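Below: one structure, written as structure tokens.
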Amino acid sequence: MKYDYIVVGGGSAGCVMAHRLSADPANQVLLVEAGMDTPPDAVPADILNSYHLSQANPNYKWSQFRAYHQPVPHNAPERPPLQHYDQGRVMGGGSSINYQAANRGTPDDYNEWESMGADGWGWDDVLPFFRKLETDQQFDGPLHGKSGPLPIRRVTRENWSGFSKATADSFALAGMPFFEDQNGGFEDGYFPMTVSNLNDQRVSAAIAYLDAATRARPNLTIRSNAVAKRIRFEGRQAIGVELDRQGAEEFYGGSEIIISAGASHSPALLMRSGVGPGLHLRDMGIDIVADLAGVGQNLQDHPGVPTMAYMTRRSRHGANPGPALQVGARYSSEIDGCGPNDMFVCAIGRAAWHSAGRRLASMSSWINKPYSRGQLRLRSADWREEPEVELNMLSDPRDLARMKLAMHRVAALFQYGPLKSAARDPFSTNFNRRAQMVGAVTPRNRFLTALASVMMDGPGPLRRAVIENVMLGRNIASVVRAGDTAIEEHVMRYVISIRHISCTCRMGREDDPMAVTGPDGRVHGIGGLRVADASVFPAVPRANTNIPTIMTAEKIADSVLSPG
């Protein structure tokens, strides 16, 4: 059977594409997902859980995906260590394992996209699609949708943890204004975080867009546990997708192939299929279909340094913590050329699922508007091998300077009375391999973290010994006191990705040598092939990327169904 549309990837974008394209019964649509399916009557409890328990489940992730976080010194004898990078491998993709953040970014982000060659992607053009995707539970008006598939809400102050309230009060003492609606104002200040959550349960893109009614459509076929090996071409026309489905080889033909495999796997699939930088493809022994230099380039992510702290008993979450994201703030660094709202800080009142995590809060600070750029390249032509990813975080001097200033700001916040009463011993950690292993939900980890919890609740010197020797944490107040050189060493050591990888197949005009797709998602110089996911962003927005990704898929789906 030949399909009208084959959607490769059942993540946030792919769920949208499958839902919208199959709404016309004349369209035969195939959705392919590498991970397990989550049909409405069988969504795992840890995915539904408001607090992101699914983040700890390795069954929902690409287990071998690694990335170089810091700049890669190509001429140095040693490269920086590879670190695990969470990538969703489950229906719903990242929306099934993320923190459920549901913010959009600012008008400046999308007006910049248009100025970079993404014609028709300015703020006034994308706002209708932000409205289309959502049902806002609390706000109405010209900026909000009331009938979309995805519910959006905010956890209000009366339901915040003691740590979240102390953080908000410290933001206020630092001179930040408060506003109620993160998606309805674009000034600096603090606010309740928007989340994709309803009735205290996660609503992933799969839950929102692949509901029972959508799945009942006879023209929609879903293939889960199926990895796309490569796109097959006749000349420069895409004609189908080769799959590995749990060891069995399958091929499906399609009139149009839409790659929604995410900003890491979409460029890798293109390159394995012969679409990408010609010299690199030749080095990999891959026949070139189209020499597109921009595939895998322009990689962007939000770099951050997480600060954790031991919480006093009255500041902790209760037994049912609800969404982890409760209060956040955006602010402007005022570094030349970096623009407004270029920084973000977010409080999380429970660091992990286990008993030690219930005693630890997180105050993550990240660069909302980064200038560092990385790249993604193949290690080999073998579809089983993950690509080589260089995030190159803090390689741009503006990013390094702002991250250093962020450490000053976070250290100062913990000196305000409310946070000083709510938390003790703030420290940085970079979620090293030890922390990742302890993050898995196992009886052994339950026992070990219970032991660590008893020690943390003990005398201050014992708690600090656990932080320094077990968690490999470093006290941020002592770092800031040590001066600029110590702060720089600290942020280079502890910087992490906020897991917003994007921009690796960016939109732009056809005469732009680094653009991969046009504003409608079509791959330049190729027939029957589009990309629709975060990889087409020209620049990463000042936002967690899930809602911008869903908006992008909504807009590209509209282009497919309403050409012209």
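The values are calculated or read from the model by the stated rules, or taken from the named source; none is laboratory data. Not measured: the values here are computed from a predicted model. Neighbour counts are summed over all protein chains in view; Cβ atoms, including those assigned to glycine, are modelled from backbone coordinates with ideal geometry.
Structure above, values below:
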item	result
Test: residue in region 528-535 that is assigned by TED's automatic domain parsing to the domain that holds Ile257, closer than 30 Å to Met403 by Cα and among the acidic types (Asp, Glu)	yes
Residue selected from region 432-467 under the condition within 24 Å of Ala412 (Cβ to Cβ) and of a type outside the set (Lys, Arg), by the criterion modelled with the highest pLDDT	Gly460
So Leu133, is it farther than 27 Å from Ala212 by Cα and within 22 Å of the chain's Cα centre (by Cα)	no
Restricting region 513-544 to residues that are more than 17 Å from the chain's Cα centre (by Cα), of a type in the set (A, V, I, L, M) and crowded, with 21+ Cβ neighbours inside 10 Å, the residue that is nearest to Ser196 (Cα to Cα)	Val531
Yes/no for Gly296 being under 19 Å from the mean Cα position of the chain (by Cα), outside any helix (DSSP H, G or I) and at pLDDT 95 or above	yes
Criterion violated by Gly162 - all others in (1) at pLDDT below 95; (2) crowded, with 16+ Cβ neighbours inside 10 Å; (3) small (Gly, Ala, Ser); (4) closer than 27 Å to Lys369 by Cα satisfied	(4)
Flag for Ala18 being surrounded by fewer than 23 Cβ atoms within 10 Å (Cβ to Cβ), of a type in the set (A, V, I, L, M, F, W, C) and in contact (Cβ under 8 Å) with a residue 12 or more places away in the chain	no
Residue within region 37-52 that is closer than 30 Å to Tyr331 by Cα and not polar (S, T, N, Q) present	yes
Unique match (being in the same structural domain as Ser264 (by TED's automatic domain parsing), of a type in the set (Lys, Arg) and under 18 Å from the mean Cα position of the chain (by Cα)) among Arg66, Arg20	Arg66
Residues located in region 490-512, provided they are modelled with pLDDT under 95 and surrounded by fewer than 17 Cβ atoms within 10 Å (Cβ to Cβ)	Arg493
Residue match in region 219-235 (condition: within 26 Å of the chain's Cα centre (by Cα), modelled with pLDDT of 95 or more, under 26 Å from Leu376 (Cα atoms) and of a type in the set (Ser, Thr, Tyr))	yes
Criterion (touching a residue at least 24 places away in the same chain (Cβ under 8 Å), not basic (Lys, Arg) and not in a helix (DSSP H, G or I)) met by exactly one of Ala412, Ala450, Ala515	Ala515
Tally of residues being of a type in the set (A, V, I, L, M), farther than 18 Å from Met1 by Cα and touching a residue at least 40 places away in the same chain (Cβ under 8 Å) across region 212-263	5
Residues (surrounded by fewer than 24 Cβ atoms within 10 Å (Cβ to Cβ), under 15 Å from Ser380 (Cβ atoms) and not charged (D, E, K, R)) located in region 272-289	Gly274, His280, Met284, Gly285, Ile286
Some residue of region 236-256 being at negative phi, at pLDDT 95 or above and within 22 Å of the chain's Cα centre (by Cα)	no
Pair list, Cβ < 8 Å and 6+ apart or interchain, from region 159-179 residues that are more than 20 Å from Ala309 (Cα to Cα) to residues that are part of a helix (DSSP H, G or I)	Phe178/Ala168; Phe178/Phe171; Phe178/Ala172
Check on Leu451, closer than 30 Å to Asp109 by Cβ and among the aliphatic types (A, V, I, L, M)	no
Region 341-381 - residue that is in a loop (DSSP other than H, G, I, E, B) and closer than 23 Å to Pro81 by Cβ and, of those, farthest from the chain's Cα centre (by Cα)	Ser380
Glu134, sole failed condition from (1) surrounded by 23 or more Cβ atoms within 10 Å (Cβ to Cβ); (2) under 22 Å from Asp342 (Cβ atoms); (3) not assigned by TED's automatic domain parsing to the domain that holds Val540	(2)
Single condition Gly318 does not satisfy, out of (1) surrounded by fewer than 23 Cβ atoms within 10 Å (Cβ to Cβ); (2) part of a strand (DSSP E or B); (3) not basic (Lys, Arg)	(2)
Positions within region 518-532 being under 18 Å from Leu299 (Cα atoms) and in a loop (DSSP other than H, G, I, E, B), in sequence order	Gly518, Gly521, Ala532
Test: residue in region 540-557 that is over 30 Å from Pro81 (Cα atoms) and assigned to a loop (DSSP other than H, G, I, E, B)	no
Some residue of region 116-125 being at pLDDT 90 or above, on the phi > 0 side of the Ramachandran plot and assigned by TED's automatic domain parsing to the domain that holds Asp37	no
The one condition in (1) more than 21 Å from Asn183 (Cα to Cα); (2) touching a residue at least 60 places away in the same chain (Cβ under 8 Å); (3) out of contact with any Leu (no Cβ under 8 Å at 6 or more places or on another chain) that Ile367 fails to fulfil	(1)
So Arg202, is it closer than 19 Å to Arg330 by Cβ and not aromatic (Phe, Trp, Tyr)	no
Condition broken by Arg20, with the remaining ones in (1) of a type in the set (Lys, Arg); (2) part of a loop (DSSP other than H, G, I, E, B); (3) at pLDDT 95 or above satisfied	(2)
